[in-house]
Structures are given as C-alpha cells and as structure tokens.
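The values are calculated or read from the model by the stated rules, or taken from the named source; none is laboratory data. The model shown is predicted, which means the values in this text are computed figures rather than measured ones. Positions of Cβ are generated from backbone atoms using ideal geometry, with glycine treated the same way; all protein chains shown enter the neighbour counts.
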Amino acid sequence: MKFIKRLLAAFFLFVVIAARADEGMWLPLFLQQLNEKQMRSMGMKITAADIYNINKGSLKDAIVSFGGFCTGEVISDKGLVLTNHHCGFDAVQNHSTLDHNYIRDGFWARNKAEEIPNPGLFVTFIVRIEEVTKAALAGVSPSMTEQERQSLIDKNIAGLRTTVKKEIYQDLFVRSFFEGNQYFLFVTETYKDVRLVGAPPSSIGNFGKDTDNWMWPRHTGDFSMFRIYAGKDNKPADYSIENVPYTPKRSLSISLDGMKEGDFTMVFGFPGRTTQYLHSTAVEQIVKVNDPAKIAIRDKALSVIDGFMRRDEQVKIQYAAKYAGISNAWKKWQGEVLGLTSTNAVEKKKLYEAAFQKKVDANPQLKEQYGALLADLDAAYQELNKYGLARDYFNETLGRIEAFTIGARLNNLAMAKEKNGDKGYREAVPKTAIALGEIYKEYSPEVDKKLFEVLMEKFTRDQPAEFLAPELVTLAKNSDYNFASIADEFYNNADLLNNPSKVLASLEANPDTVLAANKQSKTNQLYIQLNNYYYNTVTKKLNSIQARINQLQRTYMKAQMEVMKEKKFYPDANSTLRVTYGNVKGYQPRDAVKYDFYTYLDGVMDKYKPGDYEFDVPQKLRDLYKNKDFGPYGKNGKMPVCFIAMNHTTGGNSGSPALDAYGNLVGLNFDRVWEGTMSDINYDPSICRNIMVDIRYVLFIIDKYASAGHLVQEMKLVHPGKK
C-alpha cells in the first residue's frame, strides 16, 4: 500500500511539473526558439516568423493595446479595429443620452463623417521587443534594499530612453519579467485619434449581462468597432478633422470556415496580470481570506446600485459601466475560489514545493543558497495575512464611495496650492475640474449615500478593532451604529459637494470656495481620518513585509528555473504582448455535467425573456432567426455564436483575436469559463477554457442586423479550408 501511494504521488507530481501544451503566455520573439515545434505539432500551419517579425509585416502588426486596458486588432486596410463591446463600452456610454441611447439601441456610422472621436482613447502598436536585462540591472547588488534596487533600475531604464534607436514619433517602455530577474524593452507607436464606428445594442453586445458573465454556455455578441486615424503621412497625430484612416502594415484576414473540436487556436494580445509562481501559503490565503472578503463587500455594493438602476433610467445610464466593473471582479473571484478548491491547487503547490525542496536538499551548493527559501516565504506570507485583509477592506470600501473620491481630488488640489504656490494651483485647477467632471457624470448623491451607509457599517462591524480609526469607532458608538442616520448627516442636501454644477462652476470662478467647503465636509474629514490611520497602522507594515516577499519571490523564481530544469517556464502576464495557444475543446466542470464547445443563435432564443434587462432580444434579431436569414455566415441552417478553447488568457486579453492554424481571424476573445478563472494563479487543462464570439456572428450582426455591410466590404474574407 505504501508503494502504491508513493507511486501515485510520483505520478501526480509529474503531472504538476510537466509542461502543458495549452498553458503559458509566451513572448512572441521567442516562439521560434521555445514553441514553434510544439505549436506545429498541435496543428499550426504558419511559422513563428509569420507571427512576429521586425523586418516585414507580421501578425503582431495587426494587434493593438486598446486604451491600455484591452486588446484590439486591425481588420481592414483602412484602420478598422475590432475589440470587445465591454472594452468599447465607456466610449459608447460617454456618447449616450436619454435621447440618443447608444447603450440600449446600438450605434453604427453610415460613413466616415459619422464616426465619433473619443478624447483620451488610444491604441498602441508594438514595433519591436529587445532584452535589456544587463543594462537594467547594471550596478544592482544583493546587499541593496528593495527601494535602493528599484531606484537604480529606474535610473538605468531612464538612461535607455536616450540610447535606444527609435523614430521621433515612437516611444518605448521597459517591463520586468520573472519577478524582476529579466527585463525587456518595447518600442511602440501610439495613435490618439480613435473614432467609434459601431457597436451593437447591449441586448446583443452584453446579452446575459450579469447572470452569464464568466459562464458557459455563452451567447454574447461581445464586440465593438473603431477606426484609427493618422496624419496624412500615416504617422501618429492628435485628433484633427484633417486626419485620414490609418493604413496598417498588416491587417487580419477573416475566415468564414468556423472551428471544429481539436482545431488549433491562438490568442494574441496584452494579458494584464497573472501570478503563476506564488507560494502555496499565498494561494491558500487567496482562497480562504482575501477573495471571500472582497466578494462579501462587493455583494453589498452591487445590491445597492442594482436597486437604484432598476428604478431609474438615468441612474442606469450613469452607473452601467461602474456596475459592470464591480460585478466583473466579484463574480470572477467566486469562480477563482471554486476552481482553486476543486482542482486542489494548494495541494499541487505543496507537492511542487516538496519536489523543489528535495532537489535543493540533495545538492549542498543549492541547499546553502535556497535551503530556507520556502520556509522564509511561508513565514512572510503568514505575517502579511491580517494586513492584507485590512488592505482589502480599506480599498474595497473606500474605493466604492464617490464622496471620498471627490474629497481626495480636492485635497490634492489644496496640497498643490500649499506646495507649489499660486502658479501650481492655477495649473492644477483645470485638471481637477476635468477629473471631477468625469466623476460627476457617473455620480448620484442618493446612490452614494446608500453605499456609504451600507459599506461603512460593514467596514466597522467586520474588522478587528486594531484596524479601525478611533474617530470612526466614536462616530459609530455615538449613533448606536445607526449608519443610516450618519449618512443623513453626512450627505446634507445643502452640502456644496453634492451639487456637481455648482462645484464645477465654483472651480472656474473661485476654487477657494470649493476647497473651503471640502475642508468642512464631514465625509472628507472622515476620509482623511481613515486614510491617515490606515497609512500609519497598515501601509507602513504592509509595505515592509511586501518588500521582503518581493525579494524572496524573485529569489524563488530564479531558484525554480535553476532547480526544476524539466519544467518549461513562461513569464507572468504584465500587460505586454503575448501569444497563447491551444485546441478547441469542451469540458466537464463537475460530475454528470459536460459542455460542448459551440453555442448557436438557438440558445439566444431559448434564453429570451421579453423586457428583461439581461435576456431581452431585439425584434429584428428574432425576425432574422425566424426566417433563418443568416446570409453567408450561417452553417447547416444554424447561426454560430460563441466557442471555447484551451487558450491561457486573462484580463487584458479582452478583445484579443482568436486565430486559426493559418493566422486568420476566427473569433474574438472576451471571457473565461467560471470554473477556470483561477487560471491567473493555477492553470489546469481540465477546466480552463477561454470564451470567444465567433467572427461569423460578428459579421452577421454587422451585415444582416445593423445593415452596415459597407464595413464588411472593407474586410478580407477567406475560406482557408478550401486550400
């Protein structure tokens, strides 16, 4: 029996350590060296040079970082860009009014003159990538503190800006990889004139809204369209009526063939952040402490906002993007806990660490270097535990209450006056006015008051006393913990700060009036008290422990790559250009439940609920379905909508192109399955799937539903299966 147990443990450990074909977010410049052979064995028909090439146009030249928070792809020679509906939602919302409700009705420019500018929105292309580890770490020594180390690295990176060869209209940035053991430089071109071209109504682009978010089966047409404009020389230029559509080095061809189970797929984009190499103690705290706390706080916030949105159309418009943002992470964390638990992620980490420790202990030199490393990491995370929880309570609570945010903005303005004199003050006032104007667009004093009441009560009742500011404790006790009455007192109708038009007018006429009102504001006084107490009680200690963890984690990453030579390592996501690949495949999340890999328009109609804010379906779409009027986009009398595959994706990959074996666009990545959202921490091929809207559904909506076939005519449609 003992032999069998050892055998099973050894087999399980092999599964944990072995490189998985579907896992990883790979830097495109190393595909030929690390991945091409494997990718071709999985079905890829092109070469690594077709994907990333700095000497001629390649697939990377059609991929953009969209606004710095999503991915987009160029799909025509006239600069047409495709991304997710939820990535373009803020732009759609900003142009929506009660009279022109593009959120509800959708928007389609019938010609280029109707395309709408979006101040502040940009897209960034990657021109080339270079390793600069030696230059970035020049002069760095093990004896340095984390602050000293980072200060020198920052200085070294700043020096690169003056020595790296690039065009005057290009920029660059440097990112650390493998916990700061490697550094890479990215030369970029950023275009700031990006105009809204089209977006379906939310009943298509956000179909299923909250219920279906992070779920499979999915039936969402999650896409929107923009166009990049450039100067007449095709170079980046600020918005101008004289600008012309951008001519790209490469645009994606679009396949009308669809996908079959087992087909090779590749996702190319800018994944935001993953933490694949965490210590088991850190993962355990995520599962048992941090995620549950954040979920509970957002439960409260979402309940408040939802109640107001259902009663008031104006509030619904104001808070739509805010609600979606809060809900997105809230539901993701729930799936993360479920996935980490069901796949025994903590136990797998511990087995991996045991294998690492065994190899270290067997080598005297390694043991001297790394023998105590895992124990030190465990101790550091144990010490971090309560401070990390206090951080989550502080950020999740204060970050949801806009009165605190408004007060903080005005506090910064007052500080500018104090530190920089009248000149600095005059320069800061317009910036503050713009920032507050954006906040007030999505602000309702009535909603914020209720959020204050509900969240501050939870903040006060659920935390250990050591993390509660004395002023807050006194306030709560004096009111017998009646936060409704506290909110009534704090959100007085006479308070200037609750009147957006007066605040903005005062900032223009006499900013001192607003600053004086903010100084007397009870919400701002409380915010300052909470902030100061948090800084002195939590931040200082948290930063100290985190600095120690950062150093240990960097050493652990280096040690893993030295010790676990049988494992193929890829860097954690950090919003830089990556390639991930896998195969189309269904999955079985739990006993007796098995999901297919495709959904169809039939499923949209099955979910249809007239008048429902999540599952209503426009009449025209119902008519097209009834008449089976799918044009060239349907297949066998059905209209494909979404499909899933084993690509390793995360936030930031929203809007990323899903490419077939030939590099043609077949879908648009927009989500992951709920049970697999833990892939940020622990990728598991059994349940980790990315969700993509089929490009044929996108084209069907543009052409047949929106009658915007002129846009389809810009694109290159292909049938690679007929080669």
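Selection within segment 97-133: residues that are surrounded by 18 or more Cβ atoms within 10 Å (Cβ to Cβ) and hydroxyl-bearing (Ser, Thr, Tyr). The member of this set that is nearest to Arg250 (Cα to Cα) is Thr124.
Every condition in (1) part of a helix (DSSP H, G or I); (2) charged (D, E, K, R); (3) farther than 30 Å from Ala408 by Cα is met by Lys541 except one, and the failing one is (3). So the check is Cβ under 6 Å with 6+ separation or different chains; which pairs have a first residue in segment 480-500 that's in contact (Cβ under 8 Å) with a residue 12 or more places away in the chain and a second one that's surrounded by 17 or more Cβ atoms within 10 Å (Cβ to Cβ) and assigned to a loop (DSSP other than H, G, I, E, B)? Going by the 6 Å Cβ cut-off, the qualifying pairs are Leu497/Ser521. Against the list (1) touching a Gly at 6+ places or on another chain (Cβ under 6 Å); (2) basic (Lys, Arg); (3) under 30 Å from Tyr246 (Cβ atoms), the condition Arg696 fails is (1). How about segment 134-151: which of its residues are surrounded by fewer than 17 Cβ atoms within 10 Å (Cβ to Cβ) and part of a helix (DSSP H, G or I)? Within segment 134-151, Lys134, Gln147, Glu148, Gln150, Ser151 meet the criteria.
Rundown of residues vs (1) in contact with a Phe, Trp or Tyr (Cβ under 6 Å, 6 or more places away or on another chain); (2) in the same structural domain as Met309 (by TED's automatic domain parsing); (3) without any contact (Cβ under 8 Å) to a residue 24 or more places away in the chain, yes/no style:
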{"position": "Val593", "(1), (2), (3)": "no, no, yes"}
{"position": "Gly631", "(1), (2), (3)": "no, no, no"}
{"position": "Val641", "(1), (2), (3)": "yes, no, no"}
{"position": "Ala661", "(1), (2), (3)": "yes, no, no"}
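Can you name every residue in segment 580-619 that is of a type in the set (Lys, Arg) and either part of a strand (DSSP E or B) or surrounded by 14 or more Cβ atoms within 10 Å (Cβ to Cβ) (or both)? Spell out how you get there, then give the answer.
Restricting attention to segment 580-619, the residues satisfying the condition of being of a type in the set (Lys, Arg) are 585, 590, 594, 607, 609.
Lys585, Arg590, Lys594, Lys607, listed by residue number.
Looking for whichever is assigned by TED's automatic domain parsing to the domain that holds Ser58 and touching a residue at least 40 places away in the same chain (Cβ under 8 Å) here; the options are Val563, Val604. Which one fits? First the steps, then the outcome.
Values: Val563 fails: assigned by TED's automatic domain parsing to the domain that holds Ser58.
On inspection, the qualifying residue turns out to be Val604.
Of all the residues in segment 609-654, those that are under 16 Å from Asn213 (Cα atoms), modelled with pLDDT of 95 or more, among the aromatic types (Phe, Trp, Tyr) and in contact with a helix residue (DSSP H, G or I) (Cβ under 8 Å, 6 or more places away or on another chain) number 1. For Leu384, are the conditions met, namely being among the hydrophobic types (A, V, I, L, M, F, W, C), more than 30 Å from Leu455 (Cβ to Cβ) and assigned by TED's automatic domain parsing to the domain that holds Leu302? Answer is no for this residue. Counting only residues that are more than 21 Å from Ser501 (Cα to Cα) and aliphatic (A, V, I, L, M), which one in segment 404-436 is surrounded by the fewest Cβ atoms within 10 Å (Cβ to Cβ)? Looking at residues that are more than 21 Å from Ser501 (Cα to Cα) and aliphatic (A, V, I, L, M), I get Met415. Among the residues making up segment 566-579, those that are farther than 24 Å from Asn344 by Cα and either without any contact (Cβ under 8 Å) to a residue 40 or more places away in the chain or crowded, with 19+ Cβ neighbours inside 10 Å (or both) are Thr576, Leu577, Arg578, Val579.
Select, from Gly88, Gly43, the only residue that is surrounded by fewer than 18 Cβ atoms within 10 Å (Cβ to Cβ) and at pLDDT 95 or above. It is Gly43.
I want to confirm something. Restricting to segment 490-522 and keeping residues that are of a type in the set (S, T, N, Q) and part of a helix (DSSP H, G or I), which single residue is surrounded by the fewest Cβ atoms within 10 Å (Cβ to Cβ)? Give the derivation first.
Pass one, segment 490-522, residues of a type in the set (S, T, N, Q): 492-493, 498-499, 501, 506, 510, 513, 518, 520-521.
Subsequent filtering for residues that are part of a helix (DSSP H, G or I) retains 498, 501, 506, 513, 518, 520.
Values: Asn498: 22, Ser501: 8, Ser506: 19, Thr513: 15, Asn518: 24, Gln520: 12.
This residue is Ser501.
So in segment 474-489, with the set limited to residues that are in contact with an Asp or Glu (Cβ under 9 Å, 6 or more places away or on another chain) and within 30 Å of Ala433 (Cα to Cα), which one is surrounded by the fewest Cβ atoms within 10 Å (Cβ to Cβ)? Per the stated criteria, the residue is Asp488. Within segment 467-520, the set of residues being aliphatic (A, V, I, L, M) and either touching a strand residue (DSSP E or B) at 6+ places or on another chain (Cβ under 6 Å) or at pLDDT 95 or above (or both) comprises Leu468, Ala469, Leu472, Val473, Leu475, Ala476, Ala484, Ile486, Ala487. In segment 53-65, the qualifying residues are those that are surrounded by 15 or more Cβ atoms within 10 Å (Cβ to Cβ) and out of contact with any strand residue (DSSP E or B) (no Cβ under 8 Å at 6 or more places or on another chain), and the one that is farthest from Thr247 (Cα to Cα) is Asn53.
Return the only residue of Asp703, Asp623, Asp684, Asp629 being farther than 30 Å from Met25 by Cβ and assigned to a loop (DSSP other than H, G, I, E, B). Step through it out loud before you land on a result.
Working: Asp703 fails: assigned to a loop (DSSP other than H, G, I, E, B); Asp623 fails: assigned to a loop (DSSP other than H, G, I, E, B); Asp684 fails: farther than 30 Å from Met25 by Cβ.
Only one candidate qualifies: Asp629.
Pairs linking a residue in segment 25-39 that is of a type in the set (S, T, N, Q) to a residue that is in a helix (DSSP H, G or I) and surrounded by fewer than 16 Cβ atoms within 10 Å (Cβ to Cβ), with Cβ atoms under 8 Å and 6 or more positions apart or on different chains, are Gln32/Ala49.
Of note, Met259 satisfies the criterion of being aliphatic (A, V, I, L, M), buried (at least 18 other Cβ atoms within 10 Å of the Cβ) and within 30 Å of Leu338 (Cβ to Cβ).
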